[in-house]
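*Asks:* Structure below; questions to follow.
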Amino acid sequence: MKKYLYNFYLILININKYGIIEITKAFFVEVYYLLKIRDFKSWIHDDKFTDSYQDTKNDKDYNAQHTPTPYYFLSFASNFLKQNNIDDFVISDFGCGLGRIGKFFVSKFNCIFYGMEINSAMIEDLKMENINNFNLFAINLKNKDERKKIFDQIKNHKKTIILFISDSFDIGTINEIIEYFSDTSHYIIGVNIKDSKNLLKGYKKIGLKEFKDKTRHIFLMSKI
């Protein structure tokens with residue numbers, strides 16, 4: 001049961017960071033999209049190939065456990081894109097789990113999804129769904145040679161690029177990924193990224209949602 005209930009535990013221990021009102025809103029949005037998209041598998045928690053929750057708080061070099069990004073957060077990101085007339089793009093999710101982010105954005109925009117995940121079983125499971133415009137890779141994103149091949153494919157589409165980045169792994173790896181796309185026209189959707197002010201000095205903020213704890217946030221940044 002842990003893989004289904006652990007996400008509820010994470011919500012409870014972080015309730016003070018978001019506030020009860022936001023948590024309540026997130027609950028109803030979560031139920032709505034779970035029923036609409038019918039992607040119940042994306043709620044599964046998995047820590048087979050990753051560090052423990054506590055290790056991610058103590059270790060500067062980590063792979064966070066798969067925990068699905070709430071649909072409530074994704075709805076803010078979607079609104080940011082619509083407000084800025086961003087529709088035709090390639091979106092990349094670094095630590096995609098069972099593809100929740102890809103399924104959400106492909107249902108709302110004209111986009112191509114690139115999902116990368118260290119858990120190969122999740123990727124194989126997702127491939128069996130045969131979703132259009134999904135490109136999936138089982139990869140440890142800390143491996144620079146492996147990720148370069150995928151990143152070059154993303155660039156070759158000659159489309160606007162959106163990097164979806166959350167606190168999936170250490171800030172050093174996030175910085176290396178962003179740096180690789182520095183020569184492209186791209187945007188960053190960020191969720192709870194540590195040290196984001198220093199990381200994104202060359203970007204313009206065009207969408208922001210902050211919570212009770214200001215380290216909890218969703219933003220859309222454009223490359224200056």
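The values are calculated or read from the model by the stated rules, or taken from the named source; none is laboratory data. All of these numbers come straight from a predicted model, not from anything done at the bench. We place every Cβ from the backbone using ideal geometry, glycine too, and count neighbours over all the protein chains shown. These accessible areas exclude ligands, DNA and RNA; they are computed on the full protein's heavy atoms, side chains included. Shrake-Rupley method; radii C 1.70, N 1.55, O 1.52, S 1.80 Å.
*Asks:* Give me the 1.4 Å probe accessible area per residue for segment 157-208, excluding ligands and nucleic acids, in Å².
*Replies:* Values: 2390 Å² over 52 residues.
That works out to 46 Å² for each residue.
*Asks:* I've got another one for you. Residues of segment 60-155: accessible area per residue at 1.4 Å, in Å²?
*Replies:* Numbers: 3990 Å² over 96 residues.
That works out to 42 Å² per residue.
*Asks:* Would you mind checking the pairs K36/K197; K127/K205; K148/K204; K82/K194 and listing those with alpha carbons more than 28 angstrom apart?
*Replies:* Working: K36/K197 35 Å; K127/K205 34 Å; K148/K204 26 Å; K82/K194 26 Å.
Listed pairs above 28 Å: K36/K197; K127/K205.
*Asks:* Please turn the phi angles of segment 153-164 into ³J(HN,Hα) values with the Karplus equation 6.51 cos²θ - 1.76 cosθ + 1.60 (θ = phi - 60°), one per residue in order, whole Hz, x for glycine and proline.
*Replies:* Calculated HN-Hα couplings, in order: 4, 4, 5, 5, 5, 6, 10, 4, 10, 10, 9, 9 Hz.
*Asks:* Can you pull the one-decimal nm distance between simple spin-label points at T184 and K144, each 7 Å off the Cα toward Cβ?
*Replies:* 1.9
*Asks:* Spin-label point model (7 Å from Cα, Cβ direction): what's the K194 to I21 distance in nm?
*Replies:* 3.0
*Asks:* Taking the Cβ of D87 as the center, what net charge do the other residues with Cβ under 12 Å away carry, scoring Lys and Arg +1 and Asp and Glu -1?
*Replies:* Working: positive: K82, K108, K159; negative: D88.
Taking every Cβ under 12 Å from that of D87, the sum is +2.
*Asks:* How large a share of the accessible area of segment 65-176, in percent, is made up of carbon and sulfur atoms when the probe is 1.4 Å and the other protein chains stay in place? Provide the component values of the computation, followed by the final result.
*Replies:* Working: 1940 of 4480 Å².
Carbon-and-sulfur percentage of accessible area, whole number: 43.
*Asks:* If a/c stays under 1.5 just call it rounded; otherwise compare a/b with b/c (prolate if a/b is bigger, oblate if not). Do that for segment 103-180, with a ≥ b ≥ c from the square roots of the Cα gyration tensor eigenvalues.
*Replies:* Details: a/c = 1.63, a/b = 1.22, b/c = 1.33.
Here segment 103-180 falls in the oblate category.
*Asks:* Can you give the FRET efficiency to the nearest 0.05 for E210 and N130, using r as the Cβ-Cβ distance and R₀ = 30 Å?
*Replies:* Working: r = 38 Å, r/R0 = 1.28.
For R0 = 30 Å, the calculated efficiency reads 0.20.
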